Amino acid sequence: MKEDYLVLENLTKVFGSGKNTVTAVDNVNLRVRKGELVTLLGPSGCGKTTTLRMIAGFEFPTSGKIFIEDKEISTVPPSQRPTTMVFQNYALFPHMTVFENIAYGLRIRREAEKNIREKTEKIINLVGLKGLSERSPAHLSGGQQQRVSLARSLIMEPKVLLLDEPLSNLDAKLRVSTRLEIRKLQQRVGITSVYVTHDQEEAMTLSDRVVIMNTGKIQQIGTPQEIYAHPVNYFVADFIGKANFLEGRVVGMISKNKVEVDVKNKKYEVFTLKDSFSEGEKIFLLIRPESIELENKKPNALTGIVRQLIYLGSRMIYEIEVDKDHLTVEITNPQEHKTFSPGEEVSINFKKKSLHIIPYEEI
Amino acid sequence: MTGTQRKIREITEQFRLIWKEPLLFISILAIFYFLLTFVAFPIFQVFKTSLYINNKLDISNYLAIFSKRYYFQPFLNSMILGVCTATIGTIVGFIFAYALTRTTLPFKNFFRMTATFPIISPPFVVALAAILLFGRSGSLTPYLTKIIGRYSIYGLGGLIIVETIAYAPTAFLVLYGILQAIDPALEEASMDLGASDIKVFSTITLPLATPGIASAWLLVFIQSIADFGNPMVISGDFRVLSVQAFLQITGMYDLSRGSTLAILLLLPTLTAFFVQKYWVSKRSYVTVTGKPTGAMIKKIEWYIKVPVYTCCVVFTGIIFLFYGMIVYGSLQTLWGVDSTLTLKNYVEMFQVGKDYLIDSLTLSTVATPVTGILGMFLAFLIIRKKFMGRGLMEFISMLTFAVPGTVVGIGYILAFNQKSVLFPFILTGTAWIIITLLIFRNMPVGIRSGIASLQQIDPSIEEASTDLGADSNITFRRVTLPMIAPAFFSGLAYSFVKAMTAISAVIFVVSGKWNLITVAILGFVDNFKYAQAAAMSLTLIFIVLIALGIIQLIVNRIGKGARTIEIVG
């Protein structure tokens, strides 16, 4: 597998001039491997779409460079780039049939009509649009339009496939099934893809690696597991999944990647990605709701008072007050556990392997 | 339940709803009465008159259409003129719209304002300028004669030039809206798939704009053949329907023949209108929502840039030349004889034209607010309410878009010079006939801006109001009206402009007591008093600009960032 198939180097995009400048993308560095699907994930306005549009060539970087297979393409016009894009609103040509839409790029490339026909029919079958090739896009369902859009991009055999929130116009159920299809198709074709979304679940299920962005900057790059289990900062931890943050202090390093911390006068040994913390440094202890167990009150344990409980069938959600902090606790399979009632005092157990610390930030 | 039963239930249901709101019910009845009396009835009168000769039913007028030169020649001429103007005007309008939405043309605002300027000026001013420039003693005539030999500006050629300048802006506005509404992602997708600039244009932009181009063409076609002012001034021996109908009625007192010519004029405009409305617009791929999508602007190759920019500069230059000529002409002592610069025309204009000006201002000021409110209310009923006859109401109010002023004018003198069951008063010779004519002729402007802005407002906002206990009228007053206020005022602005610059219909209903400045200007042109006519036209343009400025100020104050809606047609 080649390491650096698509490379973004110090990519920056500034919009506007004078007083009203906005730095949409701020010094982004990213290396995408061949055949990999990388998701750009972040809240709206984080610069993910602008980054994608720079890869496609619709925006030119203010500074920085873009390479595909070691060839710099930063200023190559979009029509000459080996990338194709699946648009958020699909951007199907309304005056052309499904077939014509999909064949459009090949016709522009002046391939032989026989080739075009073969390839187009093949891809129409691949994406499951058989029998619809003479329809106009207006007479297709949202999911079908989405497939046409995907087929139109795939047929060009681009070096990099770009997807700009392709599922956001579908209803929830269709979104789930389509994203699995996209993933399967992407793996089958083995196409290098950059996928933009603001839906973390989508990012988690689809991606080989996830790039978390905020205010134009990359916060973290990693596999879905890394991102969830070992977020590097408050933003990532808070953005991905639910998280409880407890303020604490570093007691000392135990070994590399292992540190002892003091939280609410209790000592914990915690794994960390950052290999140096100074003694006495303020940190956040991060505990996911599902990594907490509740027990009857015991001496010497961390205790709290149940404030609220919500029964969701497969899960029970507790809101526990600890000093002035609130913890959200999620108990799966609640039938197997004791149910505590509001006002009850409980002792709180953290599952050791799931603990994680991140640098302290003023919130 | 069968279809008929369901239908009956629906109707009774609608009726029940309306019955619960008597005020709404009365308003609907009143509006129907007005539309019937002041829109449908006059047109019916024209048709009826064309079928009577010497008070006897006689269809020989229609039998003569293909055999008598005085019918088919003007018809043919009008068609030729309409087709030429529409074609050239649409091309110019498209190039302008393309330049403003897709290229990096500098000074876009300047070009847009210049290109739309002819819309707010009285139509025949362009013809007047053409005479001042290229007429028998025109400023440029000696130079042009040296180059192309003897020529005459009077006739088809001159008319095409003049009407293109006057109506290309209409095409521009339509196409500007269309090109702005085409989703830039489509062009990006095409480019993304490897298409060059020219390919993007020929495979995406142009096909998507085609219905818009057809619409623009048909609208200019309608305006061109319905135009009265320009042909009156510059058509020479080239006879067109609108002018011939006018001459038959005011010169020969042949109401029957005049009405027949008016009907001949009405048929193609109506056809074009319905083709546009019910055929072309259904084929449109883009919906003009009034919300610009921020069309993609990128670097354009020089071989596109050079001709497009040249066309824009040349057309803008021509507009400046023509209107500049009006300024220059208005300052000459005696046109063609003594070109010493003087202000005496303005003095004379105020002595002679003061009364006309006051009449025009008075009548327009009375008519404009009524036009605006009526138009908005109609738009509200059409878009938001369900009642029996809603389709008919929409149809009649649409109809007024397409009916040439000449037909309306003739209709009004035929309908209101005697008492009738519908309207037991005689209006002819009064101020009221001019006011009602202005109201109902310009009402479409208000309806259009109303519909456009209502469609952008989520009905749930109004539903919330009714949900909280307000009836339709209160909802309209307290919720809808404030939201559409900017559109309302820009509708007002355009109604005022149209009232002040109207000529084709009002020329039939003016009287000794109540006259209008546009009619007076035409009179000056008729008597070869070009300098005075120019001075008066300029004053009129100036007044219109001031009025627009005032209304713009109001809109800016009340409309928080709301877009004014451009009105076409």
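Computed over chain B, the alpha-carbon pair-distance distribution with 20 angstrom bins reads 19, 53, 26, 2, 0, each value a whole percent.
Given a 10 angstrom Cα cut-off, can you work out which residue in A:Phe340, A:Phe284, A:Phe60 is the most mobile in a GNM of chain A? Comparing A:Phe340, A:Phe284, A:Phe60 in the GNM, the peak value goes to A:Phe340.
Using the Cα coordinates of the protein assembly as shown, the gyration tensor eigenvalues translate into equivalent-ellipsoid semi-axes of 68, 34, 27 Å, sorted from longest to shortest. Label positions at A:Thr223 and B:Ile554, each projected 7 Å from the Cα along the C-beta direction, are separated by 6.9 nm.
For the range B:69-330, list log₁₀ I(q)/I(0) at each q in 0.10, 0.15 Å⁻¹, using the Debye formula over Cα point scatterers of equal strength and ignoring solvent, two decimals each. So the normalised log intensities are -0.57, -1.10. Each Lys and Arg adds +1 at its Cβ and each Asp and Glu adds -1 at its Cβ; summed about the Cα centre, the range B:69-330 shows a dipole of about 180 debye. Across 5 Å bins from the origin, how do the percents of Cα pairs in the range A:242-359 run, short distances first? For the range A:242-359, the pair-distance distribution reads 2, 12, 22, 23, 17, 12, 8, 4, 1. Peptide A:87-96 shows a mean partner chain C-beta count of 6 within 10 Å per residue C-beta. Note on B:Leu321 and B:Gln351: the model spin-label points, each 7 Å out from Cα along the C-beta direction, lie 3.6 nm apart. Across the options A:Val211, A:Ser17, A:Val86, the greatest Cα extent toward the positive end of the charge dipole of chain A (unit charges at beta carbon of Lys, Arg, Asp, Glu) belongs to A:Val86. Taking Cα centre as origin and charging only the Cβ of basic (Lys, Arg, +1) and acidic (Asp, Glu, -1) residues, the dipole magnitude of the protein assembly as shown rounds to 1780 debye. Take the Cα of A:Thr339, go 7 Å toward its beta carbon, and the backbone nitrogen atoms of the range A:287-307 under 18 Å from that spot belong to A:294-296, A:306-307. Helix A:113-126 and the longest principal axis of the Cα set of chain A meet at an angle near 30°. The calculated 222 nm mean residue ellipticity attributable to helices in chain A amounts to -7000 deg cm²/dmol, summing -39500 (n - 2.57) over DSSP H runs of n ≥ 4 and dividing by all residues. As an equivalent ellipsoid, the range A:6-234 spans semi-axes of 30, 21, 16 angstrom, where each value is the square root of five times an eigenvalue of the C-alpha gyration tensor, largest first. Legend: helices of chain B (whole DSSP H runs) are marked when their alpha-carbon atoms reach 18 angstrom or more along the helix axis and their mean Kyte-Doolittle hydropathy is at least 1.0; marked are B:22-35, B:156-181, B:206-226, B:255-275, B:302-330, B:390-402, B:431-455, B:481-501, B:530-558.
Applying the Karplus relation 6.51 cos²θ - 1.76 cosθ + 1.60 with θ = phi - 60° to the range A:234-242 yields 3J(HN,Hα) values of 4, 4, 5, 4, 6, 6, 9, x, 9 Hz, where x marks Gly and Pro. Per-residue ellipticity at 222 nm, computed for chain B from helices alone with -39500 (n - 2.57) per DSSP H run of at least four residues, works out to -23500 deg cm²/dmol. Report the antiparallel proportion of the DSSP beta bridges in the protein assembly as shown as a percent, rounded to a multiple of 5. Percent antiparallel among DSSP bridges in the protein assembly as shown is about 80.
Once the Cα atoms are used to define both axes, helix A:142-154 deviates from the longest principal axis of chain A by about 70 degrees. The calculated FRET efficiency for B:Ile148 paired with B:Phe44, based on their beta-carbon distance and R0 = 56 Å, is about 0.70. The length gained on full extension between A:Glu247 and A:Glu3, counted as 0.36 nm times the residue separation minus their Cα-Cα distance, comes to 84.0 nm.
We did not get these values from a lab; they are worked out from the coordinates using the rules stated. Keep in mind that what you see is a predicted model, and the values were worked out from it rather than measured. Ideal geometry is used to build each Cβ from the backbone, glycine not excepted, and the neighbour counts take in all protein chains shown.
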